[in-house]
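What follows is calculated from the coordinates using simple rules that are stated; it is not laboratory data. Here the structure is a predicted model, which means the values were calculated and not measured. Here Cβ is always computed from backbone atoms with ideal geometry, including for glycine, and neighbour counts include all displayed protein chains.
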Amino acid sequence: MSTREWLLSEQPASRRQARLGQGYRTWLAFRGNWLAMVGLGIVLALIVIAALADVLAPYNPVTGGDLNTQRLLPPLSPGHLLGTDDLARDILSRLIHGTRLTLMVVALVALIATPIGLLVGTTAGYFGGWVDTVLMRLTDIVLAFPRLILALAFVAALGPGIENAIIAIAITSWPPYARLARAETLTIRNSDFIAATRLQGASSLRIIWKHIVPLCMSSVIIRVTLDMAGIILTAAGVGFLGLGAQPPQPEWGAMIAGGRRFLLDQWWVATMPGLAIFVVSLGFNLLGDGLRDVLDPKGRK
């Protein structure tokens with residue numbers, strides 16, 4: 001039996017074979033969506049560029065060249081593929097190093113906001129009653145404010161800086177995951193297998209962590225992936241207003257803010273980081289749509 005036949009077997013001989021087979025079927029379904037593969041390629045390229053930024057960047061992203069001869073050079077200039085900014089810094093090098101900040105923001109916000117949302121949502125959905133009322137009203141209060149406005153308020157209170165920006169964005173990102181986890185929990189908390197687990201003496205914490213959270217993960221992962229574009233735009237907006245990464249860090253939003261003074265004559269200074277934000281946001285959206293098609297149980301035939 002070949003590896004493919006072993007993975008696609010309708011009668012798996014072990015739990016490991018069943019899990020690997022399910023994962024392989026999911027990959028085959030995902031691979032059939034070419035737009036999702038484009039999104040995956042963009043995200044993987046972002047990871048590779050961030051990991052190899054020091055090797056790929058032709059110049060130091062912080063140190064500029066000669067202000068008399070290398071300031072505001074247009075794209076395709078000798079030695080500067082995307083041109084230079086007002087401090088004679090290579091824009092391509094700053095974009096490449098800026099992928100690290102973008103990836104760091106996206107990863108840390110997801111790692112902070114997702115567990116909070118899962119904990120609040122599953123707890124509210126499982127216990128119900130006053131616990132559900134208190135947690136969901138808290139969630140509604142946070143959702144009542146636009147994410148960017150609320151993030152700006154938190155950053156203003158915490159102080160400018162990339163670390164504070166990450167904390168502020170994470171604080172404003174968890175409510176949608178909480179509502180989604182609560183909705184999933186409400187549909188399964190009265191299931192027979194949950195009742196059987198409860199009769200076996202399992203505690204509420206164990207039921208939530210071992211049985212409910214895994215069933216909510218696929219929907220939450222899809223939502224987190226689709227929200228990556230919004231997280232990137234929020235981080236860029238905070239950086240644009242000078243409350244995120246501080247100069248001379250090559251943050252894309254701050255780069256746009258620095259190039260807005262030259263938008264009419266030296267358009268490339270602000271356009272290039274804007275295009276980077278657009279491409280990466282598009283990649284995460286395409287990836288999220290593909291994951292939704294293969295992981296959402298409501299969409300399976």
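For the pair A18 and K210, the difference between a 0.36 nm per residue extended length and the Cα-Cα distance amounts to 67.2 nm. Applying 1/(1 + (r/R0)^6) with R0 = 45 Å to the Cβ-Cβ distance of R25 and S77 gives a FRET efficiency near 0.35.
I'm a student and want to see the number: the projected area of the Cα convex hull of the range 100-155, averaged over all directions, in nm². Don't jump to the answer; show the numbers that get you there.
On the way: hull surface 17.5 nm².
Average projection, Cα convex hull of the range 100-155: 4.4 nm².
Please say if the range 149-191 is rounded, prolate or oblate, where rounded means a/c under 1.5 for a ≥ b ≥ c the square roots of the C-alpha gyration tensor eigenvalues, and otherwise the choice is prolate for a/b larger than b/c and oblate otherwise? Prolate.
Building the convex hull from the alpha-carbon atoms of the range 19-165 and averaging its projection over directions returns 14.4 nm². Beyond 24 Å, the tail of the calculated P(r) for the range 152-254 holds 44 percent of the Cα pairs.
The charge dipole of the chain, taken about its Cα centre with unit charges on the Cβ atoms of Lys, Arg (+1), Asp and Glu (-1) only, comes to about 1060 debye. Using 0.36 nm per residue and subtracting the Cα-Cα separation, the extra length available between A183 and S9 on full extension is 59.3 nm.
Give me the number: length gained by fully extending D289 to F262, i.e. 0.36 nm times residue separation minus the C-alpha to C-alpha distance, one decimal in nm.
On the way: separation 27, 0.36 × 27 = 9.72 nm, distance 3.65 nm.
Taking 0.36 nm per residue and subtracting the Cα distance, the gain is 6.1 nm.
Calculated on the alpha-carbon coordinates, the convex hull of the range 203-301 measures out at 127 cubic angstrom per residue. Which FRET efficiency value, to the nearest 0.05, do you get for D192 and V38 by plugging their Cβ-Cβ distance into 1/(1 + (r/R0)^6) with R0 = 25 Å? The value I calculate is 0.05. A cut-off of 5 Å between modelled amide H atoms, ignoring neighbours fewer than 5 places along the same chain, links G65 with R89. Once both axes come from the Cα atoms, what is the angle between helix 213-240 and the longest principal axis of the chain, in degrees from 0 to 90, rounded to 10? Roughly 20 degrees, rounded to the nearest 10. Which of the listed residues, G65, G39, G125, is farthest toward the dipole's positive end in the range 1-129, when Lys, Arg count +1 and Asp, Glu count -1 at the beta-carbon? Selected residue: G125. Comparing I221, W267, L199 along the charge dipole axis of the chain, the residue lying farthest to the positive side is L199, per the Cβ-charge model.
Scaled against 2.2 N^0.38 Å for its residue count N, the alpha carbon radius of gyration of the range 171-214 is 1.30. The packing ranking of peptides 127-135, 179-187, 249-257, highest mean first, is 249-257, 179-187, 127-135, where packing means the average number of other beta carbon atoms within 10 angstrom of each residue.
For the chain, report the % of Cα-Cα distances exceeding 38 Å.
On the way: 12160 of 45150 pairs.
So the portion of pairs separated by more than 38 Å is 27 percent.
Using only the C-alpha atoms, the convex hull of the range 100-218 corresponds to 109 Å³ per residue.
Determine how many Å³ per residue the convex hull of the Cα atoms of the range 31-76 encloses.
Hull volume over Cα atoms, normalised by residue count, gives 112 Å³.
Our Cα-only numbers for the range 1-40 put the radius of gyration and Dmax at 12.0, 35 Å.
Percent of C-alpha pairs per 5 Å bin in the range 1-102, short distances first: 2, 12, 14, 12, 10, 10, 8, 6, 7, 6, 5, 5, 2, 1, 0. Take each peptide in 232-241, 155-164, count the other Cβ atoms within 10 Å of every residue, and average; sorted highest first, the result is 232-241, 155-164. Computed about the Cα centre, the dipole magnitude for the range 86-227 is approximately 240 debye when only Lys and Arg (+1) and Asp and Glu (-1) carry charge, each at its Cβ.
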